[in-house]
Amino acid sequence: MQSALRNLDTAYKNFFLDTHAVGFPKFKSRKSKQSFQCPQHCRVDFKKGTLSIPKAKGIPAVLHRKFKGMVKTVTISMTPSGRYFASVLVDTASSWRI
């Protein structure tokens, strides 16, 4: 619920404060890709191969990459075929050089 309100607030701020280049916020159908975000209290355990989010601890996961840093947000999405995927947003201290 927090992330939905945050996304809605950002959409309206972009619409009213910018030069209307963004356009009016469009509401999505519930039949499209279902997902939710966990913005806090999420952990990844690489040794056990599990993902922990609030109200669901120790979810078995296939972890493709190891990372160092603080987990900011985990997005859980379900495809139309019924498979679940997790996308992890991580805050790292290193800066990229171009």
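Only the coordinates and a few stated rules stand behind these numbers; no lab work does. Just so we're clear, the structure is a prediction, and the values are computed from it rather than from any experiment. Glycine also receives a Cβ, built like all others from the backbone with ideal geometry; neighbour counts cover every protein chain displayed.
Remarks
- Rg over Rh, two decimals, region 33-92 (C-alpha only, Kirkwood Rh): 0.94
- Compared with the direct C-alpha span, the chain from Tyr84 to Phe27 gains 18.2 nm at full extension, assuming 0.36 nm per residue.
- Projecting label points 7 angstrom from Cα along Cα→Cβ for Ala56 and Lys72 puts them 2.2 nm apart.
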